[in-house]
1. Please work out which residue is farthest from residue 67 (Cα to Cα), limiting yourself to the range 171-200 and to residues that are part of a helix (DSSP H, G or I) and either in contact with a Phe, Trp or Tyr (Cβ under 7 Å, 6 or more places away or on another chain) or of a type in the set (Lys, Arg) (or both).
2. Could you please give the count of residues in the range 267-284 that are over 17 Å from the mean Cα position of the chain (by Cα) and among the aromatic types (Phe, Trp, Tyr)?
3. Kindly evaluate residue 49 against the criterion of being surrounded by 16 or more Cβ atoms within 10 Å (Cβ to Cβ) and not aromatic (Phe, Trp, Tyr).
4. Looking at the range 101-156, which of the residues that are among the basic types (Lys, Arg) and over 30 Å from residue 46 (Cβ atoms) is modelled with the lowest pLDDT?
5. Cβ-Cβ under 9 Å, sequence separation 6+ or interchain: first residue in the range 302-320 and under 15 Å from residue 27 (Cα atoms), partner aromatic (Phe, Trp, Tyr) and modelled with pLDDT of 90 or more. Which pairs?
6. Which ones in the range 356-385 are of a type in the set (A, V, I, L, M, F, W, C) and surrounded by 18 or more Cβ atoms within 10 Å (Cβ to Cβ)?
7. Going through 144, 118 one at a time, which residue ends up being out of contact with any Ser or Thr (no Cβ under 8 Å at 6 or more places or on another chain), crowded, with 16+ Cβ neighbours inside 10 Å, under 23 Å from residue 55 (Cα atoms) and touching a residue at least 12 places away in the same chain (Cβ under 8 Å)?
8. With a cut-off of at least 1 residues that are surrounded by 21 or more Cβ atoms within 10 Å (Cβ to Cβ), touching a Pro at 6+ places or on another chain (Cβ under 8 Å) and at pLDDT 95 or above, name the strands (runs of 3 or more DSSP E) lying wholly within the range 221-315.
Amino acid sequence: MTSDRRIRFNGFKCSTVAHTTAGLWRHPNSQSHRYKELSFWTDLAKTLERGKFDSLFVADALGVLDVYRGSPDQTLREGLQTPTDDPLLAVSAMAAVTQHLGFGITVASLYELPYLFARKMTTLDHLTDGRIGWNIVTSALDSAARNLGRDDQIPHDERYAVTDEFMEVVYKLWEGSWEDGAVVHDRAAGIYADPAKVHAIGHKGRHYSVPGIFLCEPSRQRTPVLYQAGTSAAGRAFAGRHAEGVFISGQRPDIVRRLVDGVRSEAKAAGRDPRSVKFFAIMTVVTAPSDAEAQAKFQEYKSYSSIEGNLARLSGITQVDISQLDLDQPLEYSDTPGIQGILANFTKADPTRRWTPREIADFMSVSSFGPVVVGSPTAVADRLEQWVEEADIEGFNLVDVMPPASFGDFVDLVVPELQRRGRMWRDYEGNTLRESLYSAGQERIRDDHPAAQYRRR
């Protein structure tokens with residue numbers, strides 16, 4: 001089976017109690033409160049590798065959701081993104097109990113120094129033997145800006161401009177500072193690294209000054225696999241320049257297809273092969289041996305949802321206080337400082353539908369911001385195949401609404417059906433995360449990616 005035929009899957013998590021939906025942590029079977037236990041993450045990683053997932057994608061945020069009613073109170077009551085732990089610190093343990101599963105970790109560029117950040121990611125790429133990826137975010141939360149030394153959040157489009165320079169610096173460090181033959185490890189001569197093949201990057205820009213050499217010797221992938229999730233105009237342009245994988249959300253395949261086509265156009269304009277950018281749509285799957293059992297499970301899950309909690313989450317992500325609006329009047333789009341793509345999904349993406357805040361909160365009950373597929377393994381596989389074809393995507397970020405049952409159900413029930421259809425691989429091809437994204441042998445970033453221009457040839 002060639003990798004072009006298969007559907008790719010990432011597990012979608014956050015190191016917190018309530019991630020994509022509010023209220024479901026109250027279900028007696030939910031183990032989401034165990035996010036702070038190492039065994040929670042190692043068991044999760046083993047389950048995903050057993051199901052031949054490409055990676056575990058871990059979201060993160062550096063601020064509390066405090067926009068709803070001008071307070072973090074609802075967030076704290078619901079466990080929504082607060083409390084939360086640093087997702088980077090569990091990666092080594094998960095890598096130790098797996099051999100092939102990749103790890104795509106969210107890190108906000110605005111609150112990192114590129115010199116130190118590059119070292120962290122290279123270290124993880126060493127320790128995972130080439131299985132690390134970075135979900136590039138700029139951070140949209142005012143609460144993060146206030147607590148991390150800024151009086152105000154940097155305006156939306158300017159955040160991407162700063163991150164463009166951040167990318168230039170880390171590319172120089174990862175790709176250009178150490179030549180391929182710099183590490184000689186010659187015991188007899190007493191030379192570990194050849195100084196003539198290690199170079200200062202000499203970066204002096206508007207936002208960053210990094211004159212020296214990189215601290216780390218090259219890792220297997222050098223540059224980690226690069227993911228991005230923004231679908232605003234600035235986000236699409238950034239993805240076209242930098243992203244290898246794009247995380248995307250939309251309620252229907254045709255809506256997602258328009259977003260996909262837009263980013264592919266940006267990639268072409270940036271001189272890249274548009275097909276080299278791989279797309280993953282957020283998806284919630286509730287499955288059971290029969291359609292009736294799956295529907296009953298879905299209704300049970302929904303009975304634990306919290307409408308007000310979902311409104312608090314929507315407010316925090318969009319940076320619009322939904323409590324100040326009429327919940328039964330259609331929501332209008334505005335250029336908010338938050339995640340503009342999420343707001344656009346419910347206000348502009350579908351001209352036939354005008355969503356009210358109450359309808360959005362109800363939609364989020366089990367689904368987060370993407371669709372829900374409920375049914376038997378056959379029914380689920382049919383819908384996933386339909387989405388892949390109609391939206392022109394490579395795969396999905398699967399939401400873990402009821403940990404650990406959600407991923408376990410999918411692995412035990414849906415994965416065998418997809419494998420039977422030849423739509424999912426039965427074993428990994430290659431060893432690194434980039435090989436999972438592309439094909440065996442593609443460990444390094446592609447030649448048409450802007451990072452490649454910094455290689456010393």
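1. Looking only at the range 171-200, we keep the residues that are part of a helix (DSSP H, G or I), and these are 171-176, 195-197.
Narrowing further to those that are either in contact with a Phe, Trp or Tyr (Cβ under 7 Å, 6 or more places away or on another chain) or of a type in the set (Lys, Arg) (or both): 171-173, 175-176, 197.
Details: 171: 36, 172: 38, 173: 38, 175: 40, 176: 42, 197: 51 Å.
Among those residues, the one meeting the criterion is 197.
2. From the range 267-284, those over 17 Å from the mean Cα position of the chain (by Cα) are 267-276; that's our starting set.
Keeping just the survivors that are among the aromatic types (Phe, Trp, Tyr) gives none.
The total comes to 0.
3. Working: surrounded by 16 or more Cβ atoms within 10 Å (Cβ to Cβ): yes; not aromatic (Phe, Trp, Tyr): yes.
The answer is yes for residue 49.
4. Per the stated criteria, the residue is 150.
5. Listed pairs, sorted by first residue: 304/25.
6. First pass over the range 356-385, keeping only residues of a type in the set (A, V, I, L, M, F, W, C): 360-361, 363-364, 366, 369, 372-374, 379-381, 384.
Listed by number, the residues that qualify are 360, 361, 363, 364, 366, 369, 372, 373, 374, 380, 381, 384.
7. On the way: 144 fails: under 23 Å from residue 55 (Cα atoms).
Just a single option satisfies the conditions, and that option is 118.
8. Working: elements: 225-228, 245-248, 278-287.
Here the list reads 278-287.
The values are calculated or read from the model by the stated rules, or taken from the named source; none is laboratory data. All figures in this text were calculated on a predicted structure; none of them were measured in a lab. Here the Cβ is made from the backbone with ideal geometry for all residues, glycine too, and neighbour counts use every protein chain on show.
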